[in-house]
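> A single structure is presented below for examination.
The values are calculated or read from the model by the stated rules, or taken from the named source; none is laboratory data. The shown structure was predicted, so the numbers you read here are calculated from the model rather than taken from an experiment. Cβ coordinates were reconstructed from backbone atoms using ideal geometry, including for glycine residues, and neighbour counts include every protein chain displayed. The protein model used for the area step is the full one, side chains on, heavy atoms only, and it has no ligands, DNA or RNA in it. Shrake-Rupley method; radii C 1.70, N 1.55, O 1.52, S 1.80 Å.
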Amino acid sequence: MNFLLETLQLIVMSIYYNIEAFVRLFIPLKKKDVTGEIVLITGAGSGIGRLMAEKFAPLGVSLVLWDVNQEGMKETARLVKEKGAARVHYYLCDCSNKAAVYRVADQVKREVGDVSVLINNAGIVTGRNFMDAPDALIEKTIEVNTMAHFWTYKAFLPAMTANNHGHLVSIASTAGMIGVNGLADYCASKFAAIGFAESVALELLATGKDGVKTTIVCPHFINTGMFDGCNSKWPLLVPVLDPDYVAKKIIEAILTDQVYLLLPKSMYLLMGMKKILPFKTGNLLGLYLGAFNFMDAFKGRVKKEG
């Protein structure tokens, strides 16, 4: 195709996609049927991981739970069975350990089948200024929040691409889209997780595997204990999020094949402003929103992984 034709195609399709997006603001999207899918959730022993498992339970899926907390997984398994889950399997797995991921993944394939919905949810936070954070905790943050995604994709994506069917879900953070004072290692790990997920999504499209869907979730900080002590300066604009609400919105995003989910909705505006505002104006906005002081009263759990 020549330059003029390709440019015309770009303009026409851009108009079409923008109209489509506008219409979808008013027309509820049809939710896909996930009956029979095998859904694996990392970090399923507590928090958002447990809540997502509970919300998947009545949808006819087979649930596979991963965590380093055996007792937490047992409790999650009990809860999802009460909510109607037909098949539940749980496995002790340190997602930061590549060998462990591959070993447990092989066990899942033998005992349950090929995972068709992979939710990378496990995460940790140190909550310390960069120069105060021990090297070991910085490394662990990157291993759990970023590198684990590489290993789970390597383990489960081949079956999805072979069938041209599946869904990859990355639970990242708005801290993976904008830096936050006191969260250098956490932000770096989430920036990397988003970049990785976006790149794999493009690879899938480039190779014609459009049946493998992707969803990147970027919530503001969630009231799960991971960020205890942290408060929002303007809670009506940027609240600390309710875990059940977040889990509900994630499931909705998966069922409607939503590519990006930012929470709360104000984040769509704020992230857009970040990209177009001058640097000093952006800093001023961050100061106004309390981003410079968000971690001042941090007393959350240092580790929360799966």
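> Quick check: is even one residue across the stretch 127-139 of a type in the set (Phe, Trp, Tyr) and open to solvent by 10 Å² or more (accessible area, probe 1.4 Å)? Steps first, please.
Start the filter on the stretch 127-139 by keeping residues that are of a type in the set (Phe, Trp, Tyr), which leaves 130.
Then drop every residue that is not open to solvent by 10 Å² or more (accessible area, probe 1.4 Å), which leaves 130.
Within the stretch 127-139, one or more residues are of a type in the set (Phe, Trp, Tyr) and open to solvent by 10 Å² or more (accessible area, probe 1.4 Å).
> Just need a number here: residues in the stretch 27-62 that are of a type in the set (D, E, K, R) and touching a helix residue (DSSP H, G or I) at 6+ places or on another chain (Cβ under 6 Å).
Within the stretch 27-62, residues that are of a type in the set (D, E, K, R) and touching a helix residue (DSSP H, G or I) at 6+ places or on another chain (Cβ under 6 Å) number 5.
> Another one. So Asn181 passes all but one of these: (1) touching a helix residue (DSSP H, G or I) at 6+ places or on another chain (Cβ under 6 Å); (2) of a type outside the set (A, V, I, L, M); (3) surrounded by fewer than 18 Cβ atoms within 10 Å (Cβ to Cβ); (4) touching a residue at least 60 places away in the same chain (Cβ under 8 Å). Which condition number does it fail?
Unmet for Asn181, out of (1) touching a helix residue (DSSP H, G or I) at 6+ places or on another chain (Cβ under 6 Å); (2) of a type outside the set (A, V, I, L, M); (3) surrounded by fewer than 18 Cβ atoms within 10 Å (Cβ to Cβ); (4) touching a residue at least 60 places away in the same chain (Cβ under 8 Å): (1).
> Out of all the residues in the stretch 230-252, is one or more closer than 15 Å to Ile119 by Cβ, modelled with pLDDT of 95 or more, touching a Leu at 6+ places or on another chain (Cβ under 9 Å) and part of a loop (DSSP other than H, G, I, E, B)?
No, that holds for no residue.
> Taking Ser170 as the residue in question, decide whether it is closer than 20 Å to Leu255 by Cβ, crowded, with 21+ Cβ neighbours inside 10 Å and modelled with pLDDT of 95 or more.
Details: closer than 20 Å to Leu255 by Cβ: yes; crowded, with 21+ Cβ neighbours inside 10 Å: yes; modelled with pLDDT of 95 or more: yes.
The answer is yes for Ser170.
> A follow-up question, please. From the set of residues in the stretch 252-266 that are over 23 Å from Leu236 (Cβ atoms) and polar (S, T, N, Q), which is least open to solvent (accessible area, probe 1.4 Å)?
In this case the residue turns out to be Thr256.
> Further question: Run down Val64, Val68, Val39 and say which single residue is closer than 21 Å to Gly211 by Cα and touching a residue at least 40 places away in the same chain (Cβ under 8 Å).
Numbers: Val64 fails: closer than 21 Å to Gly211 by Cα; Val68 fails: closer than 21 Å to Gly211 by Cα.
The unique qualifying residue is Val39.
> Does any residue of the stretch 283-290 turn out to be assigned to a loop (DSSP other than H, G, I, E, B), modelled with pLDDT under 80 and open to solvent by less than 80 Å² (accessible area, probe 1.4 Å)?
Keep residues of the stretch 283-290 that are assigned to a loop (DSSP other than H, G, I, E, B), which gives 290.
Imposing the further condition that a residue be modelled with pLDDT under 80 reduces the set to 290.
Next, from what is left, pick out any that are open to solvent by less than 80 Å² (accessible area, probe 1.4 Å): 290.
Within the stretch 283-290, one or more residues are assigned to a loop (DSSP other than H, G, I, E, B), modelled with pLDDT under 80 and open to solvent by less than 80 Å² (accessible area, probe 1.4 Å).
For (1) farther than 15 Å from His167 by Cβ; (2) open to solvent by less than 60 Å² (accessible area, probe 1.4 Å); (3) touching a strand residue (DSSP E or B) at 6+ places or on another chain (Cβ under 9 Å); (4) not in a strand (DSSP E or B), each residue gets a yes or a no:
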{"position": "Ile19", "(1), (2), (3), (4)": "yes, no, no, yes"}
{"position": "Phe22", "(1), (2), (3), (4)": "yes, no, no, yes"}
{"position": "Phe26", "(1), (2), (3), (4)": "yes, no, no, yes"}
{"position": "Val34", "(1), (2), (3), (4)": "no, yes, yes, yes"}
{"position": "Gly45", "(1), (2), (3), (4)": "yes, yes, yes, yes"}
{"position": "Gly49", "(1), (2), (3), (4)": "yes, yes, yes, yes"}
{"position": "Pro58", "(1), (2), (3), (4)": "yes, no, no, yes"}
{"position": "Val64", "(1), (2), (3), (4)": "no, yes, yes, no"}
{"position": "Glu71", "(1), (2), (3), (4)": "yes, no, no, yes"}
